Amino acid sequence: MDINLFSPFKIKDLEIKNRIVLPPMCQYSADHGRVNSWHETHYKTRAIGQTGLIIMEAACVSKDSGITERDLGLYEDSQVEPLKKLALQVKALGSVIGIQINHAGRKSNLDGITPKGPCNSRFSNDYKAPIALNKEEIANIVKDFGSAAKRAELAGLDLIEIHGAHGYLISSFLSPLSNTREDEYGKDRALFLKEVLEEVRSQAKNITIGLRISAYDYNDKGNKPEDFLTYLKPIKEKLDFLDVSTGGVSEEPIKTYDGYQIEPARFLKEKLGLITFGGGLVTNAKFANRLVKNGLIDAVYIGRHMLLDPYFPIKAANTLGVNIDIPSQYDRGLI
């Protein structure tokens, strides 16, 4: 079968019309964790632009776990109804929609809150010094992830992505650069992730669940893609997809280029056999098409580029000579 960027694919029973993914891109525009008119405009526009899968920005799992005061949240029942309304609108436009759930950990910038992490080392001098979590606090956070996942399911979202990347709490437990604990959470740095995933699965039984990771720490003492084989092989049956990013655990310089995160995604897709998303400054339709056509990844995430070009999928189809259904109101734009 000839697969291209506009071939539909399935994650479990979830059918997605093309291989273009909008990854979580924080908008820092929420009111008390709730979606508002900005989010409605932002996500519906990308659905009109024919994005196959939209993963909404990181929603904090507790009031004290956000990156900023303006993060989306899934820690109160009052946040469910406006999210449900938005999910229905996006799905009516033909896109699949999910949300990322997150605890910012030591990278939290909330006012009046001392951040928490696996240890008491700070991310950088520009961030507050965190306090190391005790086991009771860890157990409570695990429950917070489960409660957030249940609210996401109640909101009618199609999938949940657990944020295990970019130096936030789960990511910081996974990395040897930020986790030097001597207890079981240090001896098995994936233990916290395993507990979160099990709790999310138990609370949200009928929703697709995936994970975003930072496959490279860009530090000789940090994680590399091979390390994630150890972390993920024991739990891969509990994951429906894998979203591969890199960096963010420490302030290491990153040499970026078009598709710079594709190789770790390809490697992990091959070794784990999971449906895998990859990307990293992908802005060219023909390049994106080759990545999928050659089987390197299952879908391409396009983030920053689609902040300013929400109609990239329509333009990409036009470039590739692929006929797709678009809103009839926009037919005259195809030249």
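Tell me, yes or no, whether segment 222-232 has at least one residue that is among the acidic types (Asp, Glu) and open to solvent by less than 50 Å² (accessible area, probe 1.4 Å). There is no residue in segment 222-232 that is among the acidic types (Asp, Glu) and open to solvent by less than 50 Å² (accessible area, probe 1.4 Å). Among residues of segment 36-50 that are over 15 Å from ILE99 (Cα atoms) and of a type in the set (Gly, Ala, Ser), those with a beta-carbon under 9 Å from a residue that is open to solvent by 40 Å² or more (accessible area, probe 1.4 Å) and modelled with pLDDT of 95 or more at least six positions away or on a different chain give the pairs GLY49/TYR311; GLY49/LYS315.
State all residues of segment 242-261 that are surrounded by 20 or more Cβ atoms within 10 Å (Cβ to Cβ) and of a type in the set (A, V, I, L, M); if no residue qualifies, say none. Full working, then the answer.
Taking segment 242-261 and keeping what is surrounded by 20 or more Cβ atoms within 10 Å (Cβ to Cβ), we get 242-249, 259, 261.
Listed by number, the residues that qualify are LEU242, VAL244, VAL249.
Inside segment 275-296, can you point out the residues that are open to solvent by less than 80 Å² (accessible area, probe 1.4 Å), without any contact (Cβ under 8 Å) to a residue 40 or more places away in the chain and either assigned to a helix (DSSP H, G or I) or more than 22 Å from PRO310 (Cβ to Cβ) (or both)?
THR276, PHE287, LEU291, LEU296
Any idea how many residues of segment 83-111 are open to solvent by 30 Å² or more (accessible area, probe 1.4 Å), within 22 Å of GLY33 (Cβ to Cβ) and either of a type in the set (Gly, Ala, Ser) or not in a loop (DSSP other than H, G, I, E, B) (or both)? Quick ask: steps written out before the conclusion?
Filtering segment 83-111 for residues open to solvent by 30 Å² or more (accessible area, probe 1.4 Å) gives 84-85, 88-89, 91-94, 109, 111.
Cutting the leftovers down to within 22 Å of GLY33 (Cβ to Cβ) gives us 84-85, 88-89, 91, 109, 111.
Keeping just the survivors that are either of a type in the set (Gly, Ala, Ser) or not in a loop (DSSP other than H, G, I, E, B) (or both) gives 84-85, 88-89, 91.
So the count comes out to 5.
Enumerate the pairs (first residue in segment 14-34 and under 18 Å from PHE277 (Cβ atoms) and touching a residue at least 24 places away in the same chain (Cβ under 8 Å); second residue anywhere and of a type in the set (Phe, Trp, Tyr) and open to solvent by less than 10 Å² (accessible area, probe 1.4 Å)) with beta-carbon separation below 6 Å, excluding pairs fewer than 6 apart on the same chain, so at least 6 apart or on different chains. The qualifying pairs are VAL21/PHE277.
The condition (being of a type outside the set (D, E, K, R), open to solvent by 30 Å² or more (accessible area, probe 1.4 Å) and more than 27 Å from MET25 (Cβ to Cβ)) is satisfied by just one residue among LEU154, LEU191: LEU191. Screening THR68 on (1) of a type outside the set (Lys, Arg); (2) buried (at least 22 other Cβ atoms within 10 Å of the Cβ); (3) not in a helix (DSSP H, G or I) shows it passes everything except condition (2). If you check ALA149, ALA132, ALA139 for being open to solvent by less than 10 Å² (accessible area, probe 1.4 Å) and of a type in the set (Gly, Ala, Ser), only one passes: ALA149. Helices (runs of 4 or more DSSP H) fully within segment 112-194 that include at least 1 residues being farther than 22 Å from PHE228 by Cβ and in contact (Cβ under 8 Å) with a residue 24 or more places away in the chain: 135-154. Scanning segment 297-331 for residues that are assigned to a loop (DSSP other than H, G, I, E, B), under 19 Å from the mean Cα position of the chain (by Cα) and more than 18 Å from LYS10 (Cα to Cα) returns ILE302, GLY303, PRO310.
Scan segment 91-142 for residues that are touching a Leu at 6+ places or on another chain (Cβ under 6 Å) and more than 24 Å from GLY210 (Cβ to Cβ) and the total you get is 1. Considering only residues in segment 195-207 that are part of a helix (DSSP H, G or I) and of a type outside the set (Lys, Arg), the one that is surrounded by the fewest Cβ atoms within 10 Å (Cβ to Cβ) turns out to be SER202.
Looking at segment 298-317, is at least one residue farther than 26 Å from HIS39 by Cβ and hydroxyl-bearing (Ser, Thr, Tyr)? No, there is no match, as no residue in segment 298-317 is farther than 26 Å from HIS39 by Cβ and hydroxyl-bearing (Ser, Thr, Tyr). Among the residues making up segment 168-178, those that are buried (at least 21 other Cβ atoms within 10 Å of the Cβ) and of a type outside the set (Ser, Thr, Tyr) are LEU169, ILE170, PHE173, LEU174.
Scanning segment 4-55 for residues that are of a type in the set (Phe, Trp, Tyr) and in contact with a helix residue (DSSP H, G or I) (Cβ under 8 Å, 6 or more places away or on another chain), which turns out surrounded by the fewest Cβ atoms within 10 Å (Cβ to Cβ)? I'd like the intermediate steps shown before the answer.
Step one: filter segment 4-55 for residues of a type in the set (Phe, Trp, Tyr), giving 6, 9, 28, 38, 43.
Those left that are additionally in contact with a helix residue (DSSP H, G or I) (Cβ under 8 Å, 6 or more places away or on another chain): 6, 43.
On the way: PHE6: 20, TYR43: 25.
The selected residue is PHE6.
The values are calculated or read from the model by the stated rules, or taken from the named source; none is laboratory data. As the structure is a prediction and not an experimental result, all values here were calculated from the model. Quick reminder, even Gly has a Cβ in these numbers, built from the backbone with ideal geometry, and neighbours come from all protein chains shown. Only protein heavy atoms, including side chains, enter the accessible area calculation; ligands, DNA and RNA are left aside. Shrake-Rupley method; radii C 1.70, N 1.55, O 1.52, S 1.80 Å.
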